[in-house]
1. Are any residues in region 20-38 in a loop (DSSP other than H, G, I, E, B) and not aliphatic (A, V, I, L, M), and if so, which ones?
2. Failed condition for Ala249, given (1) surrounded by 17 or more Cβ atoms within 10 Å (Cβ to Cβ); (2) in contact (Cβ under 8 Å) with a residue 60 or more places away in the chain, with all others met?
3. Quickly run through region 113-131 and pick out the residues that are in a strand (DSSP E or B) and modelled with pLDDT under 95.
4. Does Glu130 meet the test of being in contact (Cβ under 8 Å) with a residue 12 or more places away in the chain, among the acidic types (Asp, Glu), under 24 Å from Val216 (Cβ atoms) and surrounded by fewer than 22 Cβ atoms within 10 Å (Cβ to Cβ)?
5. Among strands (runs of 3 or more DSSP E) lying entirely in region 181-300, which contain 1 or more residues that are over 16 Å from the mean Cα position of the chain (by Cα)?
6. How many of the residues in region 269-291 are surrounded by fewer than 19 Cβ atoms within 10 Å (Cβ to Cβ) and at pLDDT 95 or above?
7. Which one is nearest to Asn174 (Cα to Cα), of the residues in region 46-60 that are in contact with a strand residue (DSSP E or B) (Cβ under 7 Å, 6 or more places away or on another chain) and part of a loop (DSSP other than H, G, I, E, B)?
8. Hey, among Pro80, Pro86, which residue is over 12 Å from Asp31 (Cα atoms) and crowded, with 23+ Cβ neighbours inside 10 Å?
Amino acid sequence: MRALVTGGAGFLGSHLCEALLNRGDSVVCADDLSTGRLENVAAFQEHPRFTFLRADVSHSLRVRGPVDLVAHLASPASPPDYHRLPLETLAVGSRGTENALELAAEKGARFVLASTSEVYGDPTVHPQAESYWGNVSSIGPRSVYDEAKRFAEAISMAYARSLGVNVGIVRIFNTFGPRMRAEDGRVVSSFIAQALNGDPLTIYGDGQQTRSFCYVDDLVRGIVAMTDSSETGPINLGNPVERTVQELAELVLELTGSGSPIEFHQLPKDDPTRRRPDISLAETLLGWHPQVSTEEGLHHTVEYFRAHRREVSAAARSIAGAQFEGTPSKVAWRDAPAMAKLA
């Protein structure tokens, strides 16, 4: 199979590229490097079945030759990123998704959309099943991401119904693991970086809001299972083991051996108070369920950050200026040179 992965140099995208290469597929990785990083795919740069395409899929998307799969992962995904890039987030969810769908229609390819648990908003139903329509503010500070993904789902289904595109939608719940950026503002990366730096772990709210954390290897297995299926979805992918943010902070302190204190700050507007996937459909239709515990996944992630201490140290100021679930970050992105090898 020849696969196109949009956002392929990002955290999740690079792991998906690696999984597809490892099983013998050819991969075209498209990324504009606004939040992705070349170092995430550096190990594949010379791979004979890997091609890097530097492109903003919101503007255009052209790939020469056959394409059997379009996996659309391109989007800022952490709150600091989509607050820093609000118009770009809306554009990639709308125009970018349509460009990816047009390519899939042209090539006769399977199209898999990486949607998000954020389509459920601050849920009034718990756990969240795919039948739940959500509780989302269309004008709140998180709406640029939430509504971009909701539109992406809508246009994907319109292409499926109107043009017969082979569409699959996965709704991804909180995922973590190696290749996360230390300053990306997500709760796992922020806690680990703060703990390794000896800085206070910042919890927004009383720490009793819950999340369900899925290790990246498990999540990618689920995406691959969806690409190989004929299911349309949407299908939830995530770890149904629910824990509070304070429990996560205490676990990170234990795994890092850090003596950092925990500080509590005001909860940002529209921050979901509970999040847990119902994965019954994934288990039944894809034969998928998580296999890596949160503790084991955190151990691997801590070791990754320990091996990238310069980045972790540099992230301290950025994390201090950003609320991981709410207000805009002041993170400055350092653009990277493009690879010469293009699709």
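The values are calculated or read from the model by the stated rules, or taken from the named source; none is laboratory data. Since we're looking at a predicted model, the values are computed, not measured. Please note: Cβ atoms are built from the backbone with ideal geometry, for glycine as well, and neighbour counts cover all protein chains shown.
1. Across region 20-38, the qualifying residues are Arg23, Gly24, Asp25, Asp32, Ser34, Thr35, Gly36, Arg37.
2. Here Ala249 meets the rest and fails (2).
3. Gly121, Gln128
4. Yes: the conditions hold for Glu130.
5. 201-204, 210-212, 242-244, 262-265
6. Going through region 269-291 one residue at a time, the tally reaches 8.
7. Among those that are in contact with a strand residue (DSSP E or B) (Cβ under 7 Å, 6 or more places away or on another chain) and part of a loop (DSSP other than H, G, I, E, B), it is Val57.
8. Pro80
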